1. Quick one: 39, 67, fewest Cβ neighbours within 10 Å first, how do they rank?
2. At a 10 Å Cβ-Cβ cut-off, how would you order 12, 88, fewest neighbours first?
3. Can you put 95, 45 in order of Cβ neighbours within 10 angstrom, beginning with the fewest?
4. Nearest 10 degrees, 0 to 90: what angle lies between the long axis of helix 35-55 and the longest principal axis of the chain (Cα atoms)?
5. If you line up the long axis of helix 18-30 against the longest principal axis of the chain, both from Cα atoms, how many degrees apart are they, to the nearest 10?
6. Could you tell me which of rounded, prolate or oblate describes region 18-86, using a ≥ b ≥ c as the square roots of the eigenvalues of the alpha-carbon gyration tensor, with rounded for a/c under 1.5 and, failing that, prolate when a/b is larger than b/c and oblate otherwise?
7. Taking only DSSP H segments of four or more residues, each worth -39500 (n - 2.57), what value at 222 nm results for the chain once the sum is divided by all its residues, to the nearest 500 deg cm²/dmol?
């Protein structure tokens, strides 16, 4: 999973060629909005679509039924699964 970008300020720098900035500013003016909103709104829509696509899995009817069946009737654990569980680090309790 990619790292989440963490930045505690509210500013983002963007390098543009002068003609690109002029085009964006003209389009923002035609929409009666500022440059930040003009650039930010489509970028946020695209970001939300990318996140949604990344976090959602679409299964066929057959695969959906298979997953539901496995949830309701899990297979018995085998030696490899028991060994993997035994090899996991033990959780530590934090004292408050």
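Since every read-out is calculated from the coordinates, none of them should be taken as a lab result. This one's a predicted model, so the numbers in the text were calculated from it and none came from an experiment. Backbone-built Cβ (ideal geometry, glycine too); neighbour counts: all protein chains shown.
1. Going from sparsest to densest Cβ surroundings: 67, 39.
2. Details: 12 11, 88 7.
Ranking 12, 88 by Cβ neighbours within 10 Å, fewest first, gives 88, 12.
3. Lowest count first: 95, 45.
4. Relative to the chain, helix 35-55 is tipped by roughly 20 degrees.
5. 90 degrees
6. Working: a/c = 6.21, a/b = 3.29, b/c = 1.89.
In terms of gyration-tensor shape, prolate.
7. Calculated mean residue ellipticity at 222 nm is -18500 deg cm²/dmol.
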